[in-house]
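J.: Once you've had a glance at the structure underneath, I'll fire off some questions.
The values are calculated or read from the model by the stated rules, or taken from the named source; none is laboratory data. What you see is a predicted model; the values in this text were computed from it and never measured. Cβ coordinates were reconstructed from backbone atoms using ideal geometry, including for glycine residues, and neighbour counts include every protein chain displayed.
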Amino acid sequence: MNILFICTANRDRSRTAEIYFQNKYPQYRFRSAGINKYSSERHGGIYLKRYMLDIADRIICVEKIHSDYILSQIDKRFSDKIEILNLGDTENFMSDSLIKKLESKFSL
C-alpha cells in the first residue's frame, strides 16, 4: 500500500508523518509532499506532483486546504482517495507533540 501525506511545505507535518510511520510500519510505503512549490523547495521538501497522487492508494491531507488544492488545481478524480486529518500548523518537525497528534488522527 502506498500512502501519501500532504501539507503546505513538506517541512514539518507531512515529512514527520512519512518518517515516523515508515519506521513504525515498514511493510507499507509512505511518501510526503507539499502543495506550495516555493516553500517546499526553500525548505528542502518535495513539491507535490501528479504522479505521486496517481500511485497513492491513500492521500492523507493534513488540512482541508490541501485537499481543496488537489481537487481544484489537479483533478477531482482523487476525491475517493483523500482523507483529512484536520491538523493545524502548530508543531515542529519530529516533535513528540506532533507525533502524538498524528498517532491519534491516522490509522491503517
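J.: Say we look at the range 16-25 and pick out the residues that are over 11 Å from Leu98 (Cα atoms) and in contact (Cβ under 8 Å) with a residue 40 or more places away in the chain; which of these is farthest from the chain's Cα centre (by Cα)?
T.: Within the range 16-25, the match that is farthest from the chain's Cα centre (by Cα) is Tyr25.
J.: Moving on to the next point. For the range 75-86, what are the residues that are part of a loop (DSSP other than H, G, I, E, B) and in contact with a helix residue (DSSP H, G or I) (Cβ under 6 Å, 6 or more places away or on another chain)?
T.: Across the range 75-86, the qualifying residue is only Leu85.
J.: Pick out the one residue from Tyr51, Tyr28 that is over 12 Å from the mean Cα position of the chain (by Cα), surrounded by fewer than 21 Cβ atoms within 10 Å (Cβ to Cβ) and under 20 Å from Tyr69 (Cβ atoms).
T.: Unique residue meeting the criteria: Tyr51.
J.: So which pairs qualify, if the first residue must be in the range 69-90 and under 18 Å from Lys49 (Cα atoms) and among the polar types (S, T, N, Q), the second must be at pLDDT 95 or above and surrounded by 11 or more Cβ atoms within 10 Å (Cβ to Cβ), the Cβ gap must be under 7 Å, and the two must be at least 6 apart or on different chains?
T.: Ser79/Leu71
J.: Still on this structure, I have one more. Of the conditions (1) in contact with a Ser or Thr (Cβ under 9 Å, 6 or more places away or on another chain); (2) under 24 Å from Ile99 (Cβ atoms); (3) of a type outside the set (Asp, Glu), Leu71 fails just one. Which one is it?
T.: Here Leu71 meets the rest and fails (2).
J.: Take the residues in the range 1-38 that are touching a Ser or Thr at 6+ places or on another chain (Cβ under 6 Å) and either in a helix (DSSP H, G or I) or of a type in the set (Lys, Arg) (or both), then tell me which one is nearest to Arg77 (Cα to Cα).
T.: Per the criteria, the residue is Ser14.
J.: May I ask you to say which residue of Leu53, Leu98 is more than 12 Å from Ile3 (Cα to Cα), among the hydrophobic types (A, V, I, L, M, F, W, C), touching a helix residue (DSSP H, G or I) at 6+ places or on another chain (Cβ under 6 Å) and not in a strand (DSSP E or B)?
T.: Leu98
J.: Let me ask another. So which of Ser67, Ser107, Ser95 ends up being polar (S, T, N, Q), crowded, with 16+ Cβ neighbours inside 10 Å and under 17 Å from Arg13 (Cα atoms)?
T.: Every option except Ser67 fails the conditions.
J.: Let me ask something else about it. Only residues that are out of contact with any strand residue (DSSP E or B) (no Cβ under 7 Å at 6 or more places or on another chain) and assigned to a helix (DSSP H, G or I): list them for the range 39-50, please.
T.: Ser39, Arg42, Arg50
J.: Quick check: anything in the range 8-20 on the phi > 0 side of the Ramachandran plot and buried (at least 19 other Cβ atoms within 10 Å of the Cβ)?
T.: Scanning the range 8-20, I find at least one residue that is on the phi > 0 side of the Ramachandran plot and buried (at least 19 other Cβ atoms within 10 Å of the Cβ), so the answer is yes.
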